[in-house]
Amino acid sequence: SFTYNISNLQMKIISHKKKLKKFILGERNLGFVPTMGAIHKGHLSLIKKSIAQCNKTIVSIFVNKPQFNRINDYKKYPRVLKKDISLLKKIGVHYLFLPSHNQIYPDGINKRIKVHPFSKKLCGKYRPHHFESVVDVVDRFIKLIHPKKIYFGEKDMQQLKIIEDFIKKNHSYVKVVACKTIREKNGIALSSRNFLLSFDERMIASKIYKILRMRKNNLIKKSIYITDIKKKIFTLGVNKIDYIEILDINKLIKPYKNKVIYKVFIAYFLGSTRLIDNI
């Protein structure tokens, strides 16, 4: 007897947008997962969701230069294409899109892209024009692919909210599917940047997660202050904290929801690696 196995299907690897358009012509129910590579279990959970919900799934790997504020960060970003390809083949992705910079930006970046003012807070304070660049590239991918659904992780909560708002206003036929943050056993949120951490730095990141999770309710009630938490985190060996803030995620972008959901947002540096999380 013949068992149908999705992973036997050949994953098509495409680097030219004209070719991509030809392949996906007439597809009614496309799922799209944009990534910058260094695929980990967090990405895989998004991709599996897309495969379950859509007829075909496209994953892109594109390290988007304009969204990096420091050229050194862009150069250092982990690139492990061979490993990525084998992971994506294994779970049955239909199309992998690997465009060059010129394919995506034939005429340079879009300086007129409009994003929600929430982009000026949290990470936006420390990374000017970062969210405009992220939204610009997502906008370009959507115009190329016309997916029915696009998948993002909740770890980058600020990015998720800003993209949701932009897509609702500019591509209302596309549904943004938010996916839960996937964590390692020690609590660290999975991120491609974790590849850059030493063993000791991972231990510190784990402790920070545990402190914030245990103290979250006290922070909300203001029985502990953020300054005290910062002091504690610095003693662990963090060299810089960009921010720790408590925000109701249902009050970030209109239309506001009545249900109150507080999250502790943090961005900090271990060595030269910047990590973000929301708990």
Check whether at least one residue in the stretch 61-70 is buried (at least 19 other Cβ atoms within 10 Å of the Cβ), aromatic (Phe, Trp, Tyr) and under 26 Å from Lys169 (Cα atoms), and report yes or no. yes
How many residues does the stretch 43-54 hold that are in contact (Cβ under 8 Å) with a residue 40 or more places away in the chain and either surrounded by fewer than 21 Cβ atoms within 10 Å (Cβ to Cβ) or in contact with a His (Cβ under 6 Å, 6 or more places away or on another chain) (or both)? 6
Test of understanding: among Phe152, Phe118, which residue is surrounded by 19 or more Cβ atoms within 10 Å (Cβ to Cβ), touching a helix residue (DSSP H, G or I) at 6+ places or on another chain (Cβ under 9 Å) and aromatic (Phe, Trp, Tyr)? Phe152
For the subset of the stretch 93-104 comprising residues that are out of contact with any strand residue (DSSP E or B) (no Cβ under 8 Å at 6 or more places or on another chain) and in contact (Cβ under 8 Å) with a residue 24 or more places away in the chain, which member is least open to solvent (accessible area, probe 1.4 Å)? Ile104
Of Lys82, Lys89, the only residue that is assigned to a helix (DSSP H, G or I), open to solvent by 80 Å² or more (accessible area, probe 1.4 Å) and in contact (Cβ under 8 Å) with a residue 40 or more places away in the chain is Lys89
If I filter the stretch 222-229 for residues that are open to solvent by less than 70 Å² (accessible area, probe 1.4 Å) and of a type in the set (S, T, N, Q), do I get at least one hit? no
Only residues in the stretch 140-164 that are of a type in the set (Asp, Glu) count as the first member; pair them with residues that are open to solvent by 20 Å² or more (accessible area, probe 1.4 Å), Cβ under 8 angstrom, at least 6 apart or cross-chain, and list the lot. Glu154/Ala178; Glu154/Lys180; Glu154/Thr181; Asp156/Ile276; Glu164/Val176; Glu164/Ala178; Glu164/Ile253
Can you tell me which residue within the stretch 67-79, out of those that are among the charged types (D, E, K, R) and assigned to a helix (DSSP H, G or I), is nearest to Arg274 (Cα to Cα)? Asp73
Give the number of residues within the stretch 197-221 that are open to solvent by less than 60 Å² (accessible area, probe 1.4 Å), over 15 Å from Val238 (Cα atoms) and touching a strand residue (DSSP E or B) at 6+ places or on another chain (Cβ under 9 Å). 3
Quick one: is Ile253 open to solvent by less than 30 Å² (accessible area, probe 1.4 Å), of a type in the set (A, V, I, L, M, F, W, C), assigned to a loop (DSSP other than H, G, I, E, B) and at negative phi? yes
Out of curiosity, is Val238 open to solvent by 70 Å² or more (accessible area, probe 1.4 Å), over 21 Å from the mean Cα position of the chain (by Cα) and among the aliphatic types (A, V, I, L, M)? no
Filter the stretch 21-56 for residues that are over 23 Å from the mean Cα position of the chain (by Cα) and in a helix (DSSP H, G or I) and give the result. Lys21, Lys22, Phe23, Ile24
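The values are calculated or read from the model by the stated rules, or taken from the named source; none is laboratory data. Owing to the predicted nature of the structure, the values given are computational and were not obtained by experimental measurement. Please note: Cβ atoms are built from the backbone with ideal geometry, for glycine as well, and neighbour counts cover all protein chains shown. Surface accessibility is based on the protein's heavy atoms, side chains included, excluding ligands, DNA and RNA. Shrake-Rupley method; radii C 1.70, N 1.55, O 1.52, S 1.80 Å.
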